[in-house]
1. Under a point spin-label approximation (7 Å from Cα along Cα-to-Cβ), what is the residue 103-residue 137 distance to one decimal in nm?
2. Could you tell me the calculated FRET efficiency between residue 77 and residue 146, based on Cβ-Cβ distance and R0 = 30 angstrom, to the nearest 0.05?
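No lab work stands behind these numbers, since they all come straight from the coordinates. Just so it is clear, the structure is predicted and the values come from calculations on it, not from any experiment. A quick note on method: Cβ atoms are made from the backbone with ideal geometry, for glycine too, and the neighbour counts reach across all protein chains shown.
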């Protein structure tokens, strides 16, 4: 009997935007069908005041962001429980989300990355690199990109 390869571990980079919410919903549906586990990875930007040093304010802001992300993750967890899908969460401080996503995927044997596109302004396209482009150019596994 021939066996079919399937995805066992799905990574969803999640920042709360409409694209990442759509990615989460798609990953839940897919994971339920193929009995895969999902990891939600949220990258928090580690900013510093004036770009020179870290202040107490920076640390407080980062902690506020972390708490907001944790509340959002609780909502996702409830949704996953409704569908009987195993869900893990990871929050990582990072100024380079694409690099962090790729590093996490490699270390944790990710089979599939599900990402949603965020519609950027012309200015954002010119000045901010696309995380999806960076990940898709450098990931050896499967990527599902939702528009």
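1. 1.9 nm
2. 0.90
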